[in-house]
Every structure is written in structure tokens, then in C-alpha cells.
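Everything on this sheet refers to the single structure shown next.
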Number of protein chains: 2
Amino acid sequence: MKHSEVQAPETMLQQVKLTCGLLKRVQDTNRTNTLPIEYEQLRDTGRLESLKLGWKPGDPNRPHHFWDSDEAKWLEAVGYSLANYSDPELEALADAVIDDLADVQQEDGYLNTYYTVVEPGKRWSNTRIMHELYCAGHLIEGAVAYYQGTGKRKFLDVMCRYADYIATVFGHGEGQIPSYPGHEEIELALVKLYRATGEEKYLDLAEYFVDERGRQPHYWDVERAALGETDTPRWGGSEYFQAHAPIVEQTDIEGHSVRATYLMSGVTDVALLQDDAELAEASKRLWHSMVDRRMYVTGGIGSSANGERFTSDYDLPNDTAYAETCAAIGAVFWARRMLDLDPRGEYADVMERCLYNAVLPGVSLDGKDFFYANMLDVNKAVWDAKRPEECHDSEQPQRQPWFGCACCPPNVARLAASLNMYVYSRRGSTVYCNLYTPSEAEFRFEGGSVRLLQETDYPWDERIHLTVAEVSGSPTVALRIPGWCRKPALSINGENIKVSAVLANGYALLTREWVAGDLIELTLPMPVERLYARPEVWMDNGCTAIQRGPILYCLEAADNGEGLHALVLPEGSALSASYDADLLGGVALITGKGWRKTAPGNGTLYAPGAPNRQPVELTFVPYYAWGNRAPGSMLVWVHTC
Amino acid sequence: MKHSEVQAPETMLQQVKLTCGLLKRVQDTNRTNTLPIEYEQLRDTGRLESLKLGWKPGDPNRPHHFWDSDEAKWLEAVGYSLANYSDPELEALADAVIDDLADVQQEDGYLNTYYTVVEPGKRWSNTRIMHELYCAGHLIEGAVAYYQGTGKRKFLDVMCRYADYIATVFGHGEGQIPSYPGHEEIELALVKLYRATGEEKYLDLAEYFVDERGRQPHYWDVERAALGETDTPRWGGSEYFQAHAPIVEQTDIEGHSVRATYLMSGVTDVALLQDDAELAEASKRLWHSMVDRRMYVTGGIGSSANGERFTSDYDLPNDTAYAETCAAIGAVFWARRMLDLDPRGEYADVMERCLYNAVLPGVSLDGKDFFYANMLDVNKAVWDAKRPEECHDSEQPQRQPWFGCACCPPNVARLAASLNMYVYSRRGSTVYCNLYTPSEAEFRFEGGSVRLLQETDYPWDERIHLTVAEVSGSPTVALRIPGWCRKPALSINGENIKVSAVLANGYALLTREWVAGDLIELTLPMPVERLYARPEVWMDNGCTAIQRGPILYCLEAADNGEGLHALVLPEGSALSASYDADLLGGVALITGKGWRKTAPGNGTLYAPGAPNRQPVELTFVPYYAWGNRAPGSMLVWVHTC
């Protein structure tokens, strides 16, 4: 299979339309509530004003060195949104921001607000710490999305000029800087730019950044010496930046988790497009390091707030979980690219897990507030007792309207606006259905085309109806059979098909002479499951997590009262699910009988007798929907016995 | 009962002699190993040199503002040690330090190294943050101990002059500073000075410091304004310093835990000596706040490293437990004073728990290394993955030879050298036996005297033999019946006595016409007990802690392999104790059958099936003895089911 047969996800934006259901509601809320609010935040915090280049030393609102990326991600989100939903007012706001951005561009193509007004003359002097290439990457992604969503070329042309200039700056040629970004992002962006423009030089530059990373002699040593830096770098040095070794030699996913997933998304892109077996192998190796040993049951990654980073295998504390929303988004990006590299259902399983249980929790149901860190265990009593200096705006037990470091909110927005790209993937005439959600999709391939209508109440209901509405040629329809599903059932036009007979790498591959109107019925039974962590994940020992279908559940004080750690779900207790259309935007609740431990009345802190047990009804809600009622405790891993 | 009938603990130093057993061994090791090593540390770190006052700006080893307290605590320890064990070489070293200290004293009596050479002219300018009165307190304690241990008055006279001067500086008189120490300590020291000299003015000054604390108008506001400080104080302001309200109005034990226990020791002293019912009530109220809601099962207190402080009720994390060794020592000080205020066995229960399980763990069996923080859950894998900036010398999974802030090592030394003072207490003709340990003791009271020989293998064996070796008058011998003991048995000269018939406030009160040679036999059965925390202590839910007699146990990797959280001790599993003279200096081990959870072989991080269980033999060792073999994991709260 050649990479040219893989359809770029960006091109599916308009070919797949969400029609209703949970993901459509997320996308709608993003459009109606999140995008306008984020524009206001960008404006009110001085970010938009910074593009006027009027800032002078002594003025307030000194532009931060990665503010450009905030505007860029918002523009990217607007571009995606406009691809499906016309909104002249929003488009006018975005056009004005793009006009200002264009004016920031220097004669030679350089475009960076911070280095233009705050530290003029110092561009590229600190590629390790400062975020010029990171901001460039986000601006490129924004430009590509805006072009794809609106057909307008202005932003794209600006960024091509900038990318052309960057290509002259970096490399091993005479007078070039043999460096690469401290915060990865531009790699995957250059691939998108290559795909949008067909210009191979952008792919070459992406490949250079990927290949040069971590090689000796290490340019950053030269750079640090030139900056007079002699201190020991924080966070363990170059592992933090995934630059401790060439990527093809790295064995574990390390360092800042957002950087790691952005980098690996670009690496996987390059592996596919350059047919690079070593990079493909590295992608898979580091993927398994992440998924098999360093991922929360939510799909969250990067367990430590210190460096927003991966720590060590199985180190996944729940109450101090960082699990940054951006990192989960990065994991979704990477998973989508792994599917293009090698269409295996296991990548889509992780993509789905991350999407529902690590990205969606990052935004409130009304689209107006955000989690940066996503804890799995919030104890209100502990939080109430914290001192102000112990609380960072990024680590809060309640969603916040914005952050000093505002990476997450516009990141959520761009993913929500582009969910269309994640539902399907395509290789040649095989259309892979990765996510089940009501939608219409149309694909063209060599020798034919197919239009698919998907109807389902997934993730709440097990039944999926996929109608082949129009068809020509002989497409293969590949239906993902989720790893969590034990007894999938399948029929076409009422005729049962044995799933095991058509299953390959996690997909049921359906090939036949399709006729318009063919109805595929897929049933993915979703009993309530108790999950257990490997014993090495010591924080979860003695506990169970509740999942139904792709949705992870939690206990919330709103339903169960405070003191969630005193609740026990015994092994044998039956759990049942019921859909409640009026709660939390419509969710399936899970209920079952459990116990609440109570202390004997004598007030002793420690006593020889086990605590008393009082029978209680336990109510679990989807983890993504927690924190949308009165502030209170929440718990994913519940004691069992 | 009048306070004049209470015998000051300091006066028991020479009246009680430890003869053998665990506590004697601790005291011996302290004398032979700890005291010499600590002298070398004081010397090698520049502390002793600082007393020469030769430091000038630009020199290395700038004297720290509480270095004086390190020498002071070491001198105090030496004083106690010399009371029982002659050591001319050690005494000569101490005399030389005292000579230097005497030379630091200024004409007016002031004595502080830091303010003499580092910030001359600024004395008493920052009573809230700087530690002048704290250092003075430790120096006074040192002087009293050295006087009591050696009979030498030089240090005592120096400190009387300093105390006299301090009494002129502080108060509400014309030109006086209406302040009190930010770090309490001098209160209890002034009480000791009063008792050693009979000078009431020292007691009055202690009472002033106790009474003034937290009153409005708050002098610290004036002081902070004079210093130009406008920032929000860290750690929540004056609660950190126990100065948020007058002591008699405080409801919960708050703030820095060492300060809190030192303060409350002084408060309890003043309550007793001034017969102050309000202060006595406050002592009991804050004691219960500490013991009933804010104390680890070890007796450790102050759960947060951020401010080394108490946090909120039931907030007792195990893996990040601070539980500073000094704070546990402070709790022992306070408990001893509560016993004098009101002789109730519950105070001795806590004193014993803190001593064995929160103070003894602070020093290695060879007396050469120390814990500052005392965690209850050390996971080697987590520690191995930490970055250098995440590790502070005070929070380490292995004992350290010294610390930048070196409060704990000499604090351990002074308590170990003075254990004699904790075994008994006396009110009039009632002699309370608080700790069971082989010892000889002699008490005089109005109308008589008594000499008691105690023979026992406690805490490993349940049998205690107390011989009334000499007696005149009619003493009451009060034997503590520990709260953990369910079925105590008692006899005199072989004749059984029903404990419940003589039990009052946790002591069996034995009054009779004693005859020399009378033998009291006390049996305190110590089956292995499983302890459970109140459900509010959420970190301990689903877990049990193992205790036998006064000794708390833990699992160590040395006996059980790594991965201690994967071990389970089922409810029904029998546990048995056996003494091993060759292990860890001689300890009772506890063993029983348990399980090790193992993951299924498929490598999945989370799976629907509960982990497999493999039967294993679990071995528990005393918590105080952990960390004396190869570095590895340790766990107090073990999973149960």
C-alpha cells in the first residue's frame, strides 16, 4: 500500500458531516459558545492588540513568547468551523486578525510578535526554550485550516513565505542553524502545508527537523554556551524535549507530554509519507510505551505537573494527575496518524478513549470553562484546605474560563471543530469507520465512490446503522470492532455475518458488490464493565473503574454525597445503565448497590475494628461530564472488595 | 492537687536509670555514635567556627539565623548524657563550645551569632520571621540541661543574663516591644529556667509570651509595616505561627507543627504552674484536635511539606507525609507535660506511640543517619524516577547524615539522652509509670520515698516485673494500662488483682502498705492487631496497619520484594509474632499469609478482569527499624480485603 493511497485527514473536513448525537452537540457548542468566548479572551487579555506591534518596554500586557500560538489555534478552529457552518460575522473577526498577523510579517518573511517588539534582534538565539518554531507551526496549521475552510489564500500565502524563510534559516548548509524546535509542533504543520500546497520543500523541512533531533554534536550545547547558560537544565535536560537521542533510537516516551505527542504526530506523518521503516518502527515503539505503561485509564497522559511530563512506567497518581487536556488532544492527533500509517483498530480504540474521556472532560458542557489538568480524584475537603500558593490556575478542581498559559482552550476548540476528520480514514478503496456517531460521509477513490449514512445513539446505545446511500466501484467498508467489545454482531440487509470471519486488525472488513440502500447493522453490546489496573499502578490497587462502551465513569458528590473514598463497590454488585435525557446534556447513568464505610462513634482516628458498612445506592456519571454541577468531589477509581 | 506536688521532669534525669532493653540501646547508641558525629557536623559545616564571630561579608559559611540552635540542642543532649554517663572527652568539647558561646554574649546580655556578625544593628527588627527568641530558647534549654548534667553554672549564668535582658526588651512597658516569637520555643525554656533557678521572672516572661500571642492589635502588623512588607504572607498568614487568635480562643491545632507543639508544651507548663484553667482547657482542646484528627497512625504530625504544617482534619497522605521528626519530638514534649497537667493514660499512650513510631524512625539503628520527613509509603520506583529538583534533602526515602536545615539530628539526640525523664511522672506520693522499660528509679515525696526496679522485655514481651526495692511512707504506684491493651492482668506477690477495680484514667492505682521486695507483675497481652483508619482518612481506605503492643509495623522490600502495593493481607489471615535477636538490633517480626496481585500476561494496562492472586508469606518489621538495610520500598497501610 502506497502512502499516496492514504487520504489526508484534512481533506475529510467537508466530506464528513456530523448530523446529531454527542459529538455533534460538542461541535455545535464549540461554535456557538466557545469560539466567541475565546475571541473575547484573546481580545481582553491583550493578545489581539499585541499584533499591532505597539507594545513598548514599560507598557502593560507585554506580549508573551507564545501568544501568537493562541491566535493561531483560534484561527485554525474558525477555519474548520467555517468549512461546515457559514458564519459571516465570525469570518469577519478572523479576517481582521489575519490582516493584523500579515502586518506582523517582516520583509524577509519572519513573523513573530514577541521577537519583533520585546526582544528585537534576538530571533533564533534560543531555539531550545523560546517558542518561535512552535508559534510558526501553529500559524501554519491555522493558515492551512483557514484556507481549507474558506478558500481564502491570504493567511496561507503569508505562512508559505514564513516557511520558505525558515527553510533558509535551519539546516546544515553554510550559515544555517543546525537546530530544531524546543517545543515541537512545526513538524506536523509543515506536513499539512506540504499536503495543502504540494510543495515538497515543506515535507523536506519537516523531515529535517525530525531527523536532526537529538543527534550529536548537540546544537543546543552550542546554543546554551552562547547564551552563557551553565546551570543544570530543569526537568532532566534533553529528555524533557525528546532530544536525548535520535528519535529512531528512543525507547520510551519521555518529557513534556504535549511536545512528545506533537512531535510523534509529525514523526508518524513523515514515516508514512517518506515510507521510512525506521521512523515507523519508532512510532510504534513509543506509542506502546505511552499506551501500555504511561496512560491513565481516561487516556490522559503526562502524570506530573512538574514539567507537564511523562515520569516513569506505571507512575499514574490520581489526585495529582496532570493529564493536560492539550496532551490528550496531542494523543488524538497521533492516534489518527497511526491509523493512516497502519490501520489497526487498537489505535482507534485509544483515539476514542482519549477523545471521550480525556479531551471532552477538558471543556464544560456549555463550552465556556476548561480544565487544563484533569485529575481522576478530586477531594473537596483537601482542596478547601489548600493555601493560595498551592493552587495554580492550571491545576484546579473546577473548570476555569481561561488560563495564564492559555494553550488548552483554543486546542479544545480546534479539535471540536474538526471532529469530522476523525470519524473515518481511507486507504485506497477501503473506508475505515473509526468512530461511531451520526453522520453523512462521502469518499471518492480510484474507480469509484461511496456515500455512507450513519445512524446511531452511540455511545449510549449499542446499535449502529450504516446505510450505503450511494456507491460505485467496489469499496471495502471497514468497521472498527472496539477492543472493549466482547460480542459484536453484524448483518447486511438483515443477513448475519460472523464477525470473526471478517475481522482483521480490529476492523470487520466488508467487501461485496454494494448496492445503494444496503444496510449494515452493527451491534456493539456494552455491558457495564469493571476495569482493573495492572498491580504496578499502585495507586489503583484495590480499586475498580467503571466503563460502559467507550465511556469511562466516575462518582460525583452531586449524586453520592461527599466522602467518595468511603464508598465501596463490592465485586458481586450488579450495575445497570439507564439513559437520562435531562441530566448533563443526556447521558447513560450507571447505578448499583454499594456500601458507605462509617466510623464507630467513639471518635478514634485509628481503631482495631474495620469501619462499619452502610448500604447505599451508588450512581456513576460519565467522567467527561463531571464538574458541571455544584463544586464537589469526584472519583474514578472506586474501592472494591 | 497543687502544681507544687508535680515533680519537674528534668529532675528525674538522674533518679531514673535505664538498665537495658530497646530504649537503653537507643540511648547508648546516641552517646557512642550520634553525639560525636553531630559534633563533627557542627564543626565541619562552619557552625562552631561561626561562634568565633570572625565572619565578614563575602566569606563562605555565612552564619544562618538559626545555627545557634543547632549547637544549643547538641549541648543540651550532652548535658543530659553527662548526667548518666561520665565522658571527660565529650565534656571538654562541650565546655569549649560553651566558652565560645559565652564570648558571643554582648555587654547588655544579648547573645546571637547571626545578628552580631551578619546583620548587626537589626536585632529584634523581625521577631515574626527571624529566630532570635527561638535560638535563645534552645540555648536556655541547653544551659539548664548542662547545669543539671554537670553542675557547671557558666552556661546557665550566661543564659540567665540573656533572659534577664530579654525580659527588659519585651512587654507592654515604656520602650518595650509588645511582640513574641515567630518560632516558639522560649516559652517552655523559660519554664525550665524558672524551675532550675527559682526565679519567678522567667515564668512571668513565659506567661507574657503565651498570653500576648495572637492578641489585637497585632504587633506583627506594625513590624511588617516597618519592614516595608506588603506581600501576602505565605502559608496563610498568622495561623502558620499559631498567632491567628489568642491561644485560649484557638479551636484547632494549626500551622507549622514543630512551632505548634513547642508552643503548646510551654502553654501546658504555664497552665500547670499558674493554675490557669483557661489555658488548661485550651491545651486539652488543641491536643484533641491534633490526636483525634491530624495525626498519622505513627504519631507523626504536620502532613504537608509546604510549611511543614498541619493542614486540615483527616488530611494525612502517606506517600507525601512530612511528619517531621522534630514535630514528633515536640509531641512527646507536649504529652509529657499533659501528663503533669492531668495524669491520664491517654496522654502516655500518645507519648509512647510517638516515641516508638515517629521519633525512633528518625534515626538509623547505628545512630548515624536521620530522617527529617517520615513517609508512610515509600515506593522505590517513584523515587528512582524523580528529578533532582523534585528532591529536597529533608524529604528523602533514605536517612541522611545531615541536613541544610539541621534541626532534627540534634533534636533526636537530646530526646534520646533524656529518655529517663519520660518513664515516670510523679504527683505527690503517686508515682506514675508511663513507659515500660528495664530501669531503676528512685523518688522522694513528702513523707517517704520509693525505689522501683523494672524488669521486662517490653515492647517485645507482655510481662513486666516491678519490684518495690525500697520504700518508706505510702506511695501509690500507678501503672499505665495502655489503650491498645484489651486484657491486662496484674498481681502483687502472686496475688491477682482485678485491673478494672483499680483502674482510673488509664492507670491501675496501687496503694498499700508496701514492703521492700514487693513484686508487682503486670501482663499486657499484645496480640497482633489490625488497625483501620476512620473513613474520612481517605488515603487509608481499603487498607490496614499492623500493630503489636506499642509497635507499629510495615512491609519492607527487603523482606517482601518490590511492589508492596500489589500485596494484600486478607481479613481472615492469621498473623503471628516471633522475636529475632539477630535482625535489626533484635525485633519481633510478624508474619502471615497474603497474596501478591499479578497482572495477566497480555501487557494491558487496564483490563476488565481483576488481577491474579498468588499466595505469598508477608513479613512485617517495626516501622521504626525500616530503611536500615538495602534501599527499597516500604509501606505501612497494606491493602486488605
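The values are calculated or read from the model by the stated rules, or taken from the named source; none is laboratory data. All values derive from a computational prediction rather than experimental measurement. Neighbour counts run over all protein chains shown; Cβ positions are idealised from the backbone, glycine included. Surface areas here come from the heavy atoms of the whole protein model, side chains and all, with no ligands, DNA or RNA. Shrake-Rupley method; radii C 1.70, N 1.55, O 1.52, S 1.80 Å.
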- [ ] Can you give me the number of residues within the stretch B:589-610 that are out of contact with any helix residue (DSSP H, G or I) (no Cβ under 8 Å at 6 or more places or on another chain) and not in a strand (DSSP E or B)?
- [x] 7
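Output the residues belonging to the stretch B:570-583 that are under 17 Å from B:Asp461 (Cα atoms) and more than 14 Å from every other protein chain (Cβ to nearest Cβ).
Within the stretch B:570-583, the first condition is being under 17 Å from B:Asp461 (Cα atoms), and the residues that meet it are B:575-583.
Result: B:Ser576, B:Ala577, B:Ser578, B:Tyr579, B:Asp580, B:Ala581, B:Asp582, B:Leu583.
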Task: Residue under evaluation A:Leu272, criteria (1) within 14 Å of chain B (Cβ to nearest Cβ); (2) within 20 Å of A:Glu185 (Cβ to Cβ), criterion not met - done: (1)
Task: Some residue of the stretch A:348-362 being surrounded by fewer than 24 Cβ atoms within 10 Å (Cβ to Cβ), acidic (Asp, Glu), more than 17 Å from the chain's Cα centre (by Cα) and within 14 Å of another protein chain (Cβ to nearest Cβ) - done: no
Open item on the list: It is to be established whether one or more residues within the stretch A:419-427 are assigned to a strand (DSSP E or B), over 30 Å from A:Leu35 (Cα atoms) and at pLDDT 95 or above.
Closed with: yes
Task: Identity of the residue in the stretch B:56-113, of a type in the set (S, T, N, Q) and touching a helix residue (DSSP H, G or I) at 6+ places or on another chain (Cβ under 8 Å), that ends up nearest to B:Met159 (Cα to Cα) - done: B:Gln105
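Would you confirm whether or not the stretch B:377-387 contains a residue that is assigned to a helix (DSSP H, G or I) and among the charged types (D, E, K, R)?
From the stretch B:377-387, those assigned to a helix (DSSP H, G or I) are B:380-384; that's our starting set.
Then keep just the ones that are among the charged types (D, E, K, R); that gives B:380, B:384.
Among the residues of the stretch B:377-387, at least one is assigned to a helix (DSSP H, G or I) and among the charged types (D, E, K, R), which makes the answer yes.
Which residues, taken from the stretch B:349-387, are small (Gly, Ala, Ser), touching a helix residue (DSSP H, G or I) at 6+ places or on another chain (Cβ under 6 Å) and farther than 18 Å from B:Ser257 by Cα? Don't jump to the end; show me each part of the working.
Going residue by residue through the stretch B:349-387, those that are small (Gly, Ala, Ser) are B:358, B:362, B:364, B:367, B:373, B:381, B:385.
Imposing the further condition that a residue be touching a helix residue (DSSP H, G or I) at 6+ places or on another chain (Cβ under 6 Å) reduces the set to B:358, B:362, B:367.
The answer is B:Gly367, and nothing else.
Filter the stretch A:146-177 down to residues that are outside any helix (DSSP H, G or I), of a type outside the set (D, E, K, R) and open to solvent by 10 Å² or more (accessible area, probe 1.4 Å), then give me how many there are.
Just the residues of the stretch A:146-177 that are outside any helix (DSSP H, G or I), to begin with: A:151-153, A:170-177.
Then keep just the ones that are of a type outside the set (D, E, K, R); that gives A:151, A:170-173, A:175-177.
If we keep only those that are open to solvent by 10 Å² or more (accessible area, probe 1.4 Å) as well, we get A:151, A:172-173, A:175-177.
Qualifying residue count for the region: 6.
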Task: Residue check, B:Thr11 more than 30 Å from B:Gly198 (Cα to Cα) and either at pLDDT 95 or above or surrounded by fewer than 16 Cβ atoms within 10 Å (Cβ to Cβ) (or both) - done: no
Open item on the list: Give all pairs with beta carbons closer than 7 Å in which a residue from the stretch B:386-400 that is away from every other protein chain (no Cβ under 14 Å) meets a residue that is among the β-branched types (Val, Ile, Thr) and surrounded by 17 or more Cβ atoms within 10 Å (Cβ to Cβ); count only pairs at least 6 apart in sequence or on separate chains.
Closed with: B:Pro397/B:Val378
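Within the stretch A:293-307, identify whether any single residue is more than 24 Å from A:Leu635 (Cβ to Cβ) and modelled with pLDDT under 95, and answer yes or no.
yes
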Open item on the list: I'd like the full set of residues that are open to solvent by 10 Å² or more (accessible area, probe 1.4 Å) and touching a Phe, Trp or Tyr at 6+ places or on another chain (Cβ under 7 Å), limited to the stretch A:334-347.
Closed with: A:Pro343
Task: Pairs, first within 7 Å of another protein chain (Cβ to nearest Cβ) in the stretch B:521-550, second open to solvent by 30 Å² or more (accessible area, probe 1.4 Å) and polar (S, T, N, Q), C-beta under 7 Å, six or more apart - done: B:Pro535/A:Thr598
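Here's the yes/no breakdown for (1) buried (at least 21 other Cβ atoms within 10 Å of the Cβ); (2) closer than 28 Å to A:Leu605 by Cβ:
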| position | (1), (2) |
| --- | --- |
| B:Asn541 | yes, yes |
| B:Leu552 | yes, yes |
| B:Asp559 | no, yes |
| B:Val568 | yes, yes |
| B:Leu575 | no, yes |
| B:Ser578 | no, no |
| B:Gly594 | yes, yes |
| B:Pro611 | no, no |
| B:Phe620 | yes, yes |
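Hey, among the residues in the stretch B:531-586 that are part of a helix (DSSP H, G or I) and touching a Gly at 6+ places or on another chain (Cβ under 7 Å), which one's nearest to A:His639 (Cα to Cα)? Talk me through it step by step, then tell me what you get.
If we filter the stretch B:531-586 for residues that are part of a helix (DSSP H, G or I), which is where we start, we get B:538-540, B:557-560, B:564-566.
Narrowing the set further to residues that are touching a Gly at 6+ places or on another chain (Cβ under 7 Å) leaves B:557-558.
Working: B:Ala557: 25, B:Ala558: 28 Å.
Across the stretch B:531-586, the extreme among qualifying residues is B:Ala557.
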Task: Scan of the stretch B:365-376 for residues that are touching a residue at least 60 places away in the same chain (Cβ under 8 Å) and either open to solvent by 50 Å² or more (accessible area, probe 1.4 Å) or not in a loop (DSSP other than H, G, I, E, B) (or both), ordered by number - done: B:Leu365, B:Asp366, B:Lys368
Open item on the list: Residues that are among the small types (Gly, Ala, Ser) and free of Cβ contacts under 8 Å to residues at least 24 places away in the same chain: does the stretch B:488-500 have at least one?
Closed with: yes
Task: All positions within the stretch B:288-310 that are buried (at least 24 other Cβ atoms within 10 Å of the Cβ), facing chain A (nearest Cβ under 8 Å) and in a loop (DSSP other than H, G, I, E, B) - done: B:Val297
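So is A:Leu419 within 14 Å of another protein chain (Cβ to nearest Cβ) and either more than 26 Å from A:Arg25 (Cβ to Cβ) or open to solvent by less than 10 Å² (accessible area, probe 1.4 Å) (or both) or not?
On the way: within 14 Å of another protein chain (Cβ to nearest Cβ): no; either more than 26 Å from A:Arg25 (Cβ to Cβ) or open to solvent by less than 10 Å² (accessible area, probe 1.4 Å) (or both): yes.
Criteria not met by A:Leu419.
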Task: Matching entry among B:Glu207, B:Glu199 (being buried (at least 20 other Cβ atoms within 10 Å of the Cβ), more than 13 Å from every other protein chain (Cβ to nearest Cβ), of a type in the set (Asp, Glu) and within 30 Å of B:Lys154 (Cβ to Cβ)) - done: B:Glu207
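From the list B:Pro611, B:Pro615, B:Pro600, which one is at pLDDT 95 or above, of a type outside the set (S, T, N, Q) and out of contact with any Leu (no Cβ under 7 Å at 6 or more places or on another chain)? Break it down into steps so the answer makes sense when it comes.
Values: B:Pro611 fails: at pLDDT 95 or above; B:Pro600 fails: at pLDDT 95 or above.
Going through B:Pro611, B:Pro615, B:Pro600 in turn, just one is at pLDDT 95 or above, of a type outside the set (S, T, N, Q) and out of contact with any Leu (no Cβ under 7 Å at 6 or more places or on another chain): B:Pro615.
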- [ ] Just give me the residues in the stretch A:102-138 being among the small types (Gly, Ala, Ser) and either part of a helix (DSSP H, G or I) or open to solvent by 10 Å² or more (accessible area, probe 1.4 Å) (or both), in sequence order.
- [x] A:Ala102, A:Gly121, A:Ser125, A:Ala136, A:Gly137
Task: Enumeration of residues in the stretch A:429-466 that are surrounded by fewer than 17 Cβ atoms within 10 Å (Cβ to Cβ) and over 28 Å from the mean Cα position of the chain (by Cα) - done: A:Glu446, A:Gly447, A:Gly448, A:Ser449
